[in-house]
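Undergrad: Below is the structure I would like to discuss, written out as structure tokens.
The values are calculated or read from the model by the stated rules, or taken from the named source; none is laboratory data. Only a predicted model underlies this, so the values are computations on that prediction, with no experimental measurement involved. Backbone-built Cβ (ideal geometry, glycine too); neighbour counts: all protein chains shown. These area figures cover heavy atoms from the full protein model, side chains too; ligands, DNA and RNA do not enter into them. Shrake-Rupley method; radii C 1.70, N 1.55, O 1.52, S 1.80 Å.
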Amino acid sequence: IVMVVAGLIFSLVNGYDINKTTIIVILVLCKGIESIADAVYGVLQVNNGLSYAGKSLLYKALLSMLSFIAIDISTGNIILGSLAILFVNLAFIMLYDLRIAARYENIRIDLGRLGTHIREATTTLKRTSPIFAVTFLTAFSINIPRYFIDKYDNSQIGYFGIIAVPITLIALVMSFILQPNIVQMTKMYGRSQYDKLNKIVTK
């Protein structure tokens, strides 16, 4: 909800037209669904089901890309193409991700324990705030130039995209190396096996 409201305010402050605002809101919703999927992937990873998360990401990316291209070519409407990406993401989390994760854990919100859920979520947000800060600053530093280029000289945005590709690729490779080892590293940290942990981090 906060993400969508922030996206709307951002669009209004910058005076974007209805088409651009709609696309921004759709893409923000996509990122919101991805964030929920990340939590589900966490359940799979902790239970040694990371391969399911990999399959989900692969199928979702391929279907999203093909749906967008097909709709964009046939209708010339980017909004409809973006909506296709949104629906693919939503369908995958409902029909695939949650069903696989349900084999390992009972994922549901108990309205009778809503207060407990909010307290647990707040604790998790506080404990993971440093990770959020690093991730946010990484995304911010790559994307803030795009905002100013779009605002003052949008003919240059393609050139900046070419320049930014190596940075994005490095970040992607880092996540490919780091993510599969997160559970193992967490266990080492929890058992105070700092020597082993430091060796993995150094590698």
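Undergrad: Being within 22 Å of VAL43 (Cβ to Cβ) and among the polar types (S, T, N, Q) is the filter here, so list the residues in region 167-203 that pass it.
TA: SER175, GLN179, ASN181, GLN184, THR186
Undergrad: A further question on this structure: Would you tally the residues in region 1-55 being among the polar types (S, T, N, Q) and under 16 Å from LEU86 (Cβ atoms)?
TA: Filtering region 1-55 for residues among the polar types (S, T, N, Q) gives 11, 14, 19, 21-22, 35, 45, 47-48, 51.
From what's left, under 16 Å from LEU86 (Cβ atoms): 19, 21-22, 35.
Selection size over region 1-55: 4.
Undergrad: Going through region 14-35 one residue at a time, which ones are under 14 Å from the mean Cα position of the chain (by Cα) and modelled with pLDDT under 90?
TA: Scanning region 14-35 gives a single hit, SER35.
Undergrad: I would also like to ask the following. Of the residues in region 64-89, how many are in a helix (DSSP H, G or I) and surrounded by fewer than 17 Cβ atoms within 10 Å (Cβ to Cβ)? Walk me through it before giving the result.
TA: First, pick out the residues of region 64-89 that are in a helix (DSSP H, G or I): 64-75, 78-89.
Those left that are additionally surrounded by fewer than 17 Cβ atoms within 10 Å (Cβ to Cβ): 65-66, 69-70, 72-75, 78-80, 87.
So the answer is 12.
Undergrad: For region 111-127, state whether one or more residues are outside any helix (DSSP H, G or I) and either without any contact (Cβ under 8 Å) to a residue 24 or more places away in the chain or over 19 Å from ILE33 (Cβ atoms) (or both). Lay out the reasoning, then the answer.
TA: Of all residues in region 111-127, those outside any helix (DSSP H, G or I) come to none.
No, that holds for no residue.
Undergrad: If you don't mind, there's one more thing I want to ask. Looking at (1) in contact (Cβ under 8 Å) with a residue 40 or more places away in the chain; (2) open to solvent by less than 80 Å² (accessible area, probe 1.4 Å), which is the one condition that is false for TYR104?
TA: Answer for TYR104: the failing condition is (2).
Undergrad: Does VAL173 count as under 20 Å from GLY32 (Cβ atoms), of a type in the set (Val, Ile, Thr) and without any contact (Cβ under 8 Å) to a residue 60 or more places away in the chain?
TA: Values: under 20 Å from GLY32 (Cβ atoms): no; of a type in the set (Val, Ile, Thr): yes; without any contact (Cβ under 8 Å) to a residue 60 or more places away in the chain: yes.
For VAL173, the condition - under 20 Å from GLY32 (Cβ atoms), of a type in the set (Val, Ile, Thr) and without any contact (Cβ under 8 Å) to a residue 60 or more places away in the chain - is not met.
Undergrad: Mind listing whichever residues of region 1-48 are farther than 17 Å from PHE92 by Cα, open to solvent by 50 Å² or more (accessible area, probe 1.4 Å) and small (Gly, Ala, Ser)?
TA: Passing the criteria: ALA6, GLY15.
Undergrad: Quick one: which residue in LEU95, LEU86, LEU63 is under 22 Å from the mean Cα position of the chain (by Cα), hydrophobic (A, V, I, L, M, F, W, C) and under 24 Å from PRO180 (Cβ atoms)? Write out each step before concluding.
TA: On the way: LEU95 fails: under 24 Å from PRO180 (Cβ atoms); LEU86 fails: under 24 Å from PRO180 (Cβ atoms).
Within the list LEU95, LEU86, LEU63, the selection yields LEU63.
Undergrad: Still on this structure, I have one more. Please pick out the residue among LYS151, LYS187 that is within 25 Å of ARG127 (Cβ to Cβ) and in a helix (DSSP H, G or I).
TA: Values: LYS151 fails: within 25 Å of ARG127 (Cβ to Cβ).
Among LYS151, LYS187, only LYS187 is within 25 Å of ARG127 (Cβ to Cβ) and in a helix (DSSP H, G or I).
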